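Enquirer: Structure incoming, see below.
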Amino acid sequence: MSEVEVFPVPAEWAKRAHLDQAAYEAACRRVEADPTGFWTDVARRLDWMTFPTEIKDVSFNKEDFHIRWYGDGILNVSVNCLDRHLATRGDQTAIIWEADDPHISTKLTYKELHARVCRMANVLKAKGVRKGDRVTIYLPMIPDAAVAMLACARIGAVHSVVFGGFSPDSIAGRIQDCDSKLVITADEGLRGGKVVPLKLNVDEALKTCPGVTDVIVIRRTQAEVPMTAGRDHFYSDLKDSVSDRCDPEPMNAEDPLFILYTSGSTGKPKGVLHTTGGYLAWASYTHELVFDYRPGEVFWCTADVGWVTGHSYVVYGPLANAATTVIFEGVPNYPTSSRFWEVCDRHQVEIFYTAPTAIRALMREGDAPVKATSRKSIRLLGTVGEPINPEAWLWYHRVVGEERCPIVDTWWQTETGATLMSPLPGATALKPGSCTKPLPGVKPQLVDADGKVLEGAINGNLCLTDSWPGQMRTVYGDHQRFFDTYFSTYPGKYFTGDGARRDEDGYYWITGRVDDVINVSGHRLGTAEIESALVGHDGVAEAAVVGYPHEIKGQGIYCYVTLRTDVEPSDSIRADLRQWVRREIGPFAAPDVIQFAPGLPKTRSGKIMRRILRKIAEDDLSNLGDTSTLADPAVVDDLVKNRGHRR
Ligand code: WT7
């Protein structure tokens with residue numbers, strides 16, 4: 001390992017922080033000595049209708065597997081994000097909306113947001129939505145996205161937000177899996193000046209979703225869209241006939257709050273289910289600690305609400321903490337590569353949180369677009385979604401943050417609800433590329449392939465040996481799959497699917513997924529999903545997909561495709577396959593490289609040897625390993641000879 005530069009905690013941060021180093025260490029000791037007391041205090045940050053007496057009730061073991069937090073507590077998430085702030089902060093800005101068009105932005109106070117949420121809650125009720133029903137939300141990044149989520153929470157409906165970049169097929173699969181009766185969408189979305197045909201996509205999806213009885217359409221662009229009589233309604237036609245007051249539904253802490261679909265290494269996407277009390281407590285606790293947050297500060301997380309980062313750090317964490325949260329409709333490079341920083345200046349953003357892929361893309365444009373802006377309001381920077389390479393970290397620190405802002409590199413997953421490992425700006429010295437240390441109460445462990453616990457400075461598979469309140473509770477409709485996916489590889493532990501290195505200071509460095517999941521621009525994709533899309537094409541006999549290092553995206557998508565014998569390889573079929581995957585899954589899943597392969601390397605028992613495919617995709621031919629177990633070793637020579645051009 002080469003020398004790593006260490007960035008000590010700035011004195012002013014240690015002084016102002018919720019937790020300085022001593023307090024962080026004390027918190028970690030307290031969880032060990034008095035877990036019930038510690039976790040009870042975490043629950044106190046929320047307003048409960050009935051405060052819980054059952055705090056933690058968890059077993060990761062097969063015999064009595066269960067995860068319950070605050071199990072007898074009663075609360076409502078929307079009350080915690082809205083009502084409880086009204087008396088003191090009703091006129092404070094809750095949401096700053098920055099439209100795709102840089103000339104348009106609006107603000108909503110807590111009072112206004114509360115009224116809008118209640119109104120939409122009443123509209124949902126009027127359409128027959130009841131506690132426990134699932135509602136699918138397919139919206140652009142507009143305030144109504146947060147309003148829709150909170151409206152569901154207010155009446156106890158379970159939302160399933162589907163990212164606006166997903167295709168009709170992907171929407172349909174997600175609606176069918178959780179059996180939503182109602183969909184909330186918009187006429188169109190706007191991103192980087194381009195139109196996203198949201199309503200048309202929903203119409204296409206609903207051809208295979210007969211269970212959906214109502215579609216509520218928010219007008220965003222005012223475009224004319226087809227409306228199916230009886231099923232589709234413009235929100236503007238519904239909202240004025242209902243009241244802007246709505247009593248919140250009392251929810252048990254373990255009642256579901258939302259489902260969010262995420263890709264795994266096998267099969268169709270899993271409906272990750274999060275519950276009410278533990279999730280909100282963890283989103284709020286981590287938002288306060290990691291960003292050293294105080295009410296009223298302007299906080300901007302650039303993630304889309306279609307991903308978990310948007311759930312926890314655009315909507316739930318910030319609003320629970322009385323934040324002013326920014327909802328940004330656009331993209332980092334539209335109209336210019338100064339956009340992020342112009343928005344920071346315009347709205348005096350104090351804490352800015354984005355993905356390494358965006359930082360790398362902007363870094364490539366040079367320093368000038370950054371330096372054209374002030375950025376004086378920014379005090380703290382954050383990253384999430386994938387490992388950040390030290391070069392990008394250093395650029396973010398030096399050019400964007402002018403060496404004045406600590407960077408919190410937050411490691412977590414859809415499954416974990418909110419951050420598990422991250423520096424705390426007032427407590428943790430930074431090392432570029434490391435997510436540093438676990439938050440209090442989080443218990444990482446490295447194990448080898450056989451499950452042997454690894455100590456000291458070492459590489460291994462990352463597990464968590466104990467629960468935290470924000471942990472997912474089940475895979476919707478398939479509890480067995482939940483257990484099998486996360487708790488069966490290393491019995492008694494939650495396995496993250498990530499590899500990590502621990503250094504001599506106990507700092508963690510995530511090395512990436514060790515399963516067949518790839519991380520493309522911070523978006524998680526199962527290689528199996530892309531393969532299944534490819535083989536769905538008439539011309540394809542077989543396909544294998546792997547990731548390879550990509551300068552901007554982190555990982556690119558490399559597809560080995562065996563065409564049917566009657567189909568000739570050509571550039572046109574290559575373009576066709578690319579288009580096909582875009583249509584099947586969504587534009588962000590478009591293959592970067594498609595290599596036509598007369599055969600795939602297989603063991604004699606017929607298993608595709610992905611290790612070899614990964615090496616070839618990485619252009620690392622020195623180390624193809626043992627190919628002697630292959631059914632037909634000549635296949636590899638052909639793959640090497642015809643390997644594709646990476647872009
Ligand atoms: C996977 C989870 C966390 C919300 C967004 C992604 C990778 C996430 C980091 C980080 C290195 C990271 C992991 C993880 N990941 N954050 N700071 N450093 N890797 O959520 O789609 O559920 O993906 O993203 O591989 O397992 P997700």
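Each reported figure results from applying straightforward, stated rules to the coordinates on display, with no laboratory input. Here the structure is a predicted model, which means the values were calculated and not measured. Cβ: placed from backbone, ideal geometry, glycine included. Neighbour counts: every protein chain shown.
Enquirer: For Gln176 and Val567, calculate 0.36 nm times their separation in residues minus their Cα-Cα distance, and state this gained length in nm to one decimal.
Expert: Net length gain for the segment: 137.3 nm.
Enquirer: In bins 10 Å wide, starting from 0, what share of all Cα pairs of the stretch 305-423 does each bin hold, as a percent?
Expert: Result, from short to long distances: 13, 47, 35, 5 percent.
Enquirer: Pop the C-beta distance of Asp448 and Thr36 into the FRET formula with R0 = 30 Å and round what comes out to the nearest 0.05.
Expert: It comes out at approximately 0.35.
Enquirer: Here is a follow-up. With the Cα gyration tensor of the chain in hand, give its eigenvalues times 5 under a square root as the equivalent ellipsoid semi-axes, listed largest first in whole angstrom. List each step's numbers first, then the result.
Expert: Working: eigenvalues 263, 192, 133 Å².
Result for the chain: semi-axes of 36, 31, 26 Å.
Enquirer: For the stretch 133-191, what does the convex hull of the Cα positions come to per residue, in cubic angstrom?
Expert: Per residue, the Cα convex hull of the stretch 133-191 comes to 70 Å³.
Enquirer: Check the chain for me: any Cys whose beta-carbon has no other cysteine beta-carbon within less than 4.7 Å?
Expert: So, Cys28, Cys81, Cys152, Cys178, Cys209, Cys301, Cys344, Cys405, Cys435, Cys463, Cys559.
Enquirer: Computed over the Cα atoms of the stretch 383-513, what is the convex hull's projected area averaged over all directions, in nm²?
Expert: 8.4 nm²
Enquirer: Can you pull the one-decimal nm distance between simple spin-label points at Val640 and Ser377, each 7 Å off the Cα toward Cβ?
Expert: According to this spin-label approximation, the distance is 5.7 nm.
Enquirer: Would you work out the relative contact order for the chain, in percent, from Cα pairs under 8 angstrom that are 6 or more residues apart?
Expert: 13 percent
Enquirer: Just to verify a number: FRET efficiency for Asn61 and Thr627, C-beta to C-beta distance, R0 = 35 Å, to 0.05?
Expert: Numbers: r = 41 Å, r/R0 = 1.16.
That pair, Asn61 with Thr627, gives E of 0.30.
Enquirer: On to the next question. Past 30 Å, Cα to Cα, is the threshold; run Lys56/Lys125; Lys371/Lys443; Lys452/Lys607 against it and keep the listed order.
Expert: The pairs that break the limit, which is 30 Å between Cα atoms, are Lys56/Lys125; Lys371/Lys443.
Enquirer: For the stretch 1-152, just list the percent of Cα-Cα distances falling in each 5 Å bin from zero outward, please.
Expert: Spelled out bin by bin, the stretch 1-152 gives 2, 7, 10, 11, 12, 14, 14, 13, 9, 5, 2, 1, 0 percent.
Enquirer: Another question, then. Can you give me the orientation-averaged projected area of the convex hull built on the Cα atoms of the stretch 44-122, in nm²?
Expert: 8.8 nm²
Enquirer: What is the packing order of peptides 602-611, 290-299, 94-103, taking the mean over residues of other C-beta atoms within 10 Å and listing the highest first?
Expert: Values: 602-611: 13.1, 290-299: 20.7, 94-103: 18.9.
In descending order of packing, they fall as 290-299, 94-103, 602-611.
Enquirer: Tell me what the chain gives for mean residue ellipticity at 222 nm when only DSSP H runs of n ≥ 4 count, each as -39,500 (n - 2.57), the sum divided by the residue total, rounded to 500 deg cm²/dmol.
Expert: Details: 20 runs with 182 residues, N = 647.
Only helices count here, giving -8000 deg cm²/dmol.
Enquirer: Each residue of the stretch 550-565 in turn: what ³J(HN,Hα) in whole Hz from Karplus with 6.51, -1.76, 1.60 and θ = phi - 60°, glycine and Pro shown as x?
Expert: 10, 3, 9, 7, x, 10, x, 9, 10, 10, 9, 10, 9, 7, 5, 4
Enquirer: While we're looking at this one, here's another question. Please figure out what share of the DSSP beta bridges in the stretch 1-160 is antiparallel and state it in percent, rounded to the nearest 5.
Expert: If I count the DSSP bridges inside the stretch 1-160, around 75 percent turn out antiparallel.
Enquirer: Quick one: length gained pulling Ala26 to Ile458 fully straight, 0.36 nm per residue minus the C-alpha distance? Could the numbers behind the result be given before it?
Expert: Details: separation 432, 0.36 × 432 = 155.52 nm, distance 2.59 nm.
Going from the current span to full extension adds 152.9 nm.
Enquirer: Rounded to two decimals, what ratio of Rg to Rh does the stretch 493-647 give with C-alpha atoms and a Kirkwood Rh? Numbers along the way, then the final one.
Expert: On the way: Rg = 16.3 Å, Rh = 16.5 Å.
In the stretch 493-647, Rg relative to Rh is 0.99.
Enquirer: Using only alpha carbon positions, build the gyration tensor of the stretch 1-63, then give the equivalent ellipsoid semi-axes as the square roots of 5 times its eigenvalues, largest first, whole angstrom. Walk me through the intermediate numbers first.
Expert: Values: eigenvalues 211, 80, 22 Å².
Largest first, the stretch 1-63 gives 32, 20, 11 Å.
Enquirer: Using the C-alpha gyration tensor of the stretch 575-647, what are the square roots of 5 times its eigenvalues, in whole angstrom, with the largest one first?
Expert: Semi-axes, largest first: 25, 14, 11 Å.
Enquirer: Between Met227 and Arg364, what length comes free when the chain is fully extended (0.36 nm per residue of separation minus the Cα-Cα distance, one decimal in nm)?
Expert: Full extension from Met227 to Arg364 adds 45.0 nm.
Enquirer: Starting from the coordinates of the alpha-carbon atoms of the stretch 450-561, obtain the Kirkwood hydrodynamic radius over all distinct pairs and give the value in Å to one decimal.
Expert: Computed over Cα pairs of the stretch 450-561, the Kirkwood hydrodynamic radius comes out at 16.4 Å.
Enquirer: Further, regarding this structure: For the stretch 100-217, what is the relative contact order in percent, using Cα pairs closer than 8 Å and at least 6 residues apart in sequence? It would help to have the intermediate numbers written out before the result.
Expert: Values: 173 pairs, mean separation 31.6, N = 118.
Result for the stretch 100-217 is 27 percent.
Enquirer: Scanning the chain for helices, which whole DSSP H stretches are 15 Å or more long along the axis (Cα) and average -1.0 or more by Kyte-Doolittle? It would help to have the intermediate numbers written out before the result.
Expert: Details: long enough: 21-33 (18 Å, -0.39); 110-126 (24 Å, -0.15); 143-155 (19 Å, 1.25); 168-178 (16 Å, -0.41); 277-290 (19 Å, 0.21); 571-584 (20 Å, -1.39).
Qualifying helices: 21-33, 110-126, 143-155, 168-178, 277-290.
Enquirer: Write down the percent of antiparallel bridges among all DSSP beta bridges whose residues are both part of the chain, to the nearest 5.
Expert: 60 percent
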